[in-house]
1. Given the criterion surrounded by fewer than 21 Cβ atoms within 10 Å (Cβ to Cβ), modelled with pLDDT of 95 or more and out of contact with any His (no Cβ under 6 Å at 6 or more places or on another chain), identify the matching residue among B:48, B:62.
2. Have a look at B:35, B:57 and point out the one that is buried (at least 18 other Cβ atoms within 10 Å of the Cβ), farther than 15 Å from residue B:140 by Cα and over 18 Å from the mean Cα position of the chain (by Cα).
3. Across region A:81-122, what is the number of residues that are away from every other protein chain (no Cβ under 14 Å) and of a type in the set (Phe, Trp, Tyr)?
4. Would you check if there is a residue in region A:109-121 being out of contact with any helix residue (DSSP H, G or I) (no Cβ under 9 Å at 6 or more places or on another chain), among the hydroxyl-bearing types (Ser, Thr, Tyr) and within 30 Å of residue A:13 (Cβ to Cβ)?
5. In this structure, does residue A:14 turn out to be exposed (fewer than 15 other Cβ atoms within 10 Å of the Cβ) and not hydrophobic (A, V, I, L, M, F, W, C)?
6. Is it the case that some residue within region B:104-121 is hydroxyl-bearing (Ser, Thr, Tyr), under 24 Å from residue A:68 (Cα atoms) and in contact (Cβ under 8 Å) with a residue 12 or more places away in the chain?
7. In region B:37-60, which residue that is touching a helix residue (DSSP H, G or I) at 6+ places or on another chain (Cβ under 6 Å) and more than 7 Å from chain A (Cβ to nearest Cβ) is farthest from residue A:73 (Cα to Cα)?
Amino acid sequence: MKLPTLVKRPTTKQLVMYAGASGDYYEIHYDKDYALRNNLPGVIVHGLLTASFIAQVATDWMGEQGRLKKFSVQYRGMMLPGEDCICQGKVIRKFKEGDEYLVECEIWAENPHGERTTPGRAVVVLPARKD
Amino acid sequence: MSQQSELPEAVKKLIGVESPPVVLEVEKGTIYKFVEAIDDPNPLWKEEAPPTFLSAVLGISEPGRSPIKVDIPHTGNLNGGYEWEYFQPVRAGDVITARSKVANAYTRSGRLGPTLFVIFEITYQNQREQLVAKVRNTLMWY
């Protein structure tokens, strides 16, 4: 089962907002000259910002009664501002642990070239169905 | 094991080392600005912080913020990713204490040449001494 796709379009302004909100002032995220001197194509999206985008795929889907129990991300590639960040997910396992109904999902972010730069996993707790 | 024997002394000494605690008083405005920055309109985040909040604002494994310094010659440093486990919500007014420790370190030959991997484990507790979250963060030096 696929989770709804979420397309984010990070802008350089958003990277500045994220830097301020997180306290991550590493220059590769807002200073283009610095990024180019460090062999980057330009400023790049903060890893945790991309992680926030893919977490949203799971938290949007789980609903107000759901709870995120586990979440993991791997940083495999860069995301650039000004490009679409296509975030997707799919259910890979449903199971019960004690009293909890759990769903494990694969979630990931893709750049416009179809490369999965940020794969991840999420385990959500869903309220019990009244069967 | 052979990989452990390739570790620089400076790194071997860090395995198992615990950092001093780092404390954050969670303010409503901090959560608000973070939610605005990540552009996530979920109404849940009016009541609690989103899942990446603690690592973003109190991510004490990152080289710039870590009380545990990995002091070796290197060309660059990369973040491999995170694994989070959540136990309690984080709300405005909470006082969160973060503690990190080096859980493991090893060297591997990778795309960028010989690479040092350091796995940090971070625990976050609130003012009620409840465990709020546990995180494993993999950092690399090459």
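The values are calculated or read from the model by the stated rules, or taken from the named source; none is laboratory data. Keep in mind the model is a prediction, meaning the values are calculated, not measured. Note that we place each Cβ from the backbone using ideal geometry, even for glycine, and neighbour counts take in every protein chain shown.
1. Values: B:62 fails: modelled with pLDDT of 95 or more.
When all the criteria are applied, what remains is B:48.
2. Details: B:57 fails: over 18 Å from the mean Cα position of the chain (by Cα).
Unique residue meeting the criteria: B:35.
3. Total satisfying the criteria: 2.
4. No, region A:109-121 has no match at all.
5. On the way: exposed (fewer than 15 other Cβ atoms within 10 Å of the Cβ): no; not hydrophobic (A, V, I, L, M, F, W, C): yes.
Criteria not met by residue A:14.
6. At the first step, the residues of region B:104-121 found to be hydroxyl-bearing (Ser, Thr, Tyr) are B:106-107, B:109, B:115.
Okay, now just the ones that are also under 24 Å from residue A:68 (Cα atoms), so none.
Scanning region B:104-121 turns up no residue that is hydroxyl-bearing (Ser, Thr, Tyr), under 24 Å from residue A:68 (Cα atoms) and in contact (Cβ under 8 Å) with a residue 12 or more places away in the chain.
7. Per the stated criteria, the residue is B:45.
Per-residue answers, yes or no, for (1) within 8 Å of another protein chain (Cβ to nearest Cβ); (2) touching a residue at least 24 places away in the same chain (Cβ under 8 Å); (3) of a type in the set (S, T, N, Q); (4) closer than 24 Å to residue B:65 by Cβ:
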{"site": "A:6", "(1), (2), (3), (4)": "no, yes, no, no"}
{"site": "A:13", "(1), (2), (3), (4)": "no, no, no, no"}
{"site": "A:18", "(1), (2), (3), (4)": "yes, yes, no, yes"}
{"site": "A:23", "(1), (2), (3), (4)": "yes, no, no, yes"}
{"site": "A:45", "(1), (2), (3), (4)": "no, yes, no, yes"}
{"site": "A:50", "(1), (2), (3), (4)": "no, yes, yes, yes"}
{"site": "A:74", "(1), (2), (3), (4)": "yes, yes, yes, yes"}
{"site": "A:79", "(1), (2), (3), (4)": "no, yes, no, yes"}
